[in-house]
1. Whether any residue in the stretch 62-83 is under 22 Å from Lys152 (Cα atoms), open to solvent by 40 Å² or more (accessible area, probe 1.4 Å) and not hydrophobic (A, V, I, L, M, F, W, C) is what I want to check.
2. Determine which single condition Gly49 fails, assuming it passes every other condition in (1) open to solvent by less than 50 Å² (accessible area, probe 1.4 Å); (2) of a type in the set (Gly, Ala, Ser); (3) within 20 Å of Leu154 (Cβ to Cβ).
3. Looking at Leu35, is it open to solvent by 10 Å² or more (accessible area, probe 1.4 Å), at pLDDT 95 or above, assigned to a helix (DSSP H, G or I) and of a type in the set (A, V, I, L, M, F, W, C)?
4. Can you tell me which residue within the stretch 84-101, out of those that are under 20 Å from Ala125 (Cα atoms) and not small (Gly, Ala, Ser), is surrounded by the fewest Cβ atoms within 10 Å (Cβ to Cβ)?
5. Within the stretch 128-142, is even one residue touching a Phe, Trp or Tyr at 6+ places or on another chain (Cβ under 7 Å), charged (D, E, K, R) and in contact (Cβ under 8 Å) with a residue 24 or more places away in the chain?
6. Within the stretch 129-192, which strands (runs of 3 or more DSSP E) (wholly inside it) include 1 or more residues that are open to solvent by 50 Å² or more (accessible area, probe 1.4 Å)?
7. Can Arg78 be described as out of contact with any strand residue (DSSP E or B) (no Cβ under 6 Å at 6 or more places or on another chain), within 25 Å of Thr117 (Cβ to Cβ) and of a type outside the set (A, V, I, L, M, F, W, C)?
8. Quick one: is Pro104 surrounded by 16 or more Cβ atoms within 10 Å (Cβ to Cβ) and either aromatic (Phe, Trp, Tyr) or closer than 16 Å to Thr138 by Cβ (or both)?
Amino acid sequence: MTTGTDPRPTVYEHAVDGFGTVRLTPVNPDRDAPLLHSWVSEERARFWGMRDADVEEVREIYAHLDSLTTHHAYLVHRDDVPVALFQTYDPRADRVSECYEALPGDIGVHLLLAPATAPEPGFTAHLLEALVPYCLSTHERMVAEPDAANGKALALLERSGFALGPEVVLPEVVLPEVHLVEKRARLAFLSR
């Protein structure tokens with residue numbers, strides 16, 4: 001299904017009272033790299049680990065991600081305006097599995113908000129109100145692993161019902177397609 005003039009297929013849509021309609025569309029690396037680069041290269045996105053990547057490197061990273069069956073990237077739209085990047089993955093196929101016992105019903109998640117022109121209280125909580133049902137409709141448990149120093153993310157996850165787990169060190173990954181630096185993270189879990 002596509003909406004309006006946006007040719008992207010909608011994989012999920014959820015109306016949030018008083019907030020708007022939240023819609024997920026797959027990232028198209030060629031088309032979306034400039035937009036994603038503008039988000040991940042900002043200082044506030046330092047926890048995303050891509051501040052020094054140029055547009056082509058961002059395109060390559062998301063093209064690689066798009067080639068995997070275990071990892072998925074989506075643009076999150078609010079009433080047809082892109083407002084976030086949402087990634088899901090099978091933790092058993094990710095470095096996080098070296099830090100906890102990943103179960104078959106787990107789904108890993110990452111969320112990066114687009115830059116806001118003005119703060120909107122409750123914005124991220126409303127996005128989670130839409131994204132959590134998407135994840136838990138097909139999985140038993142959500143797993144997040146924000147940077148251990150990202151107090152805002154940890155507080156938001158707790159307010160949204162996630163149980164904080166241990167602090168862990170995600171190992172460095174060096175592959176021809178991707179390089180992920182070692183990361184001190186805090187696990188967080190939300191079950192059905």
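1. yes
2. For Gly49, the failing item is (1).
3. Working: open to solvent by 10 Å² or more (accessible area, probe 1.4 Å): yes; at pLDDT 95 or above: yes; assigned to a helix (DSSP H, G or I): yes; of a type in the set (A, V, I, L, M, F, W, C): yes.
Yes: the conditions hold for Leu35.
4. Among them, the one singled out is Gln87.
5. Among the residues of the stretch 128-142, at least one is touching a Phe, Trp or Tyr at 6+ places or on another chain (Cβ under 7 Å), charged (D, E, K, R) and in contact (Cβ under 8 Å) with a residue 24 or more places away in the chain, which makes the answer yes.
6. On the way: elements: 141-144, 163-170, 183-191.
Because the criterion is at least 1 residues that are open to solvent by 50 Å² or more (accessible area, probe 1.4 Å), the strands (runs of 3 or more DSSP E) in the stretch 129-192 that meet it are 163-170, 183-191.
7. Numbers: out of contact with any strand residue (DSSP E or B) (no Cβ under 6 Å at 6 or more places or on another chain): no; within 25 Å of Thr117 (Cβ to Cβ): yes; of a type outside the set (A, V, I, L, M, F, W, C): yes.
No.
8. On the way: surrounded by 16 or more Cβ atoms within 10 Å (Cβ to Cβ): no; either aromatic (Phe, Trp, Tyr) or closer than 16 Å to Thr138 by Cβ (or both): yes.
No: the conditions fail for Pro104.
The values are calculated or read from the model by the stated rules, or taken from the named source; none is laboratory data. All of these numbers come straight from a predicted model, not from anything done at the bench. Because the Cβ atoms are built from the backbone with ideal geometry, glycine has one as well, and the counts that use them run over all protein chains shown. Note: accessible area is taken over every heavy atom of the protein model, side chains too, but ligands, DNA and RNA are not part of it. Shrake-Rupley method; radii C 1.70, N 1.55, O 1.52, S 1.80 Å.
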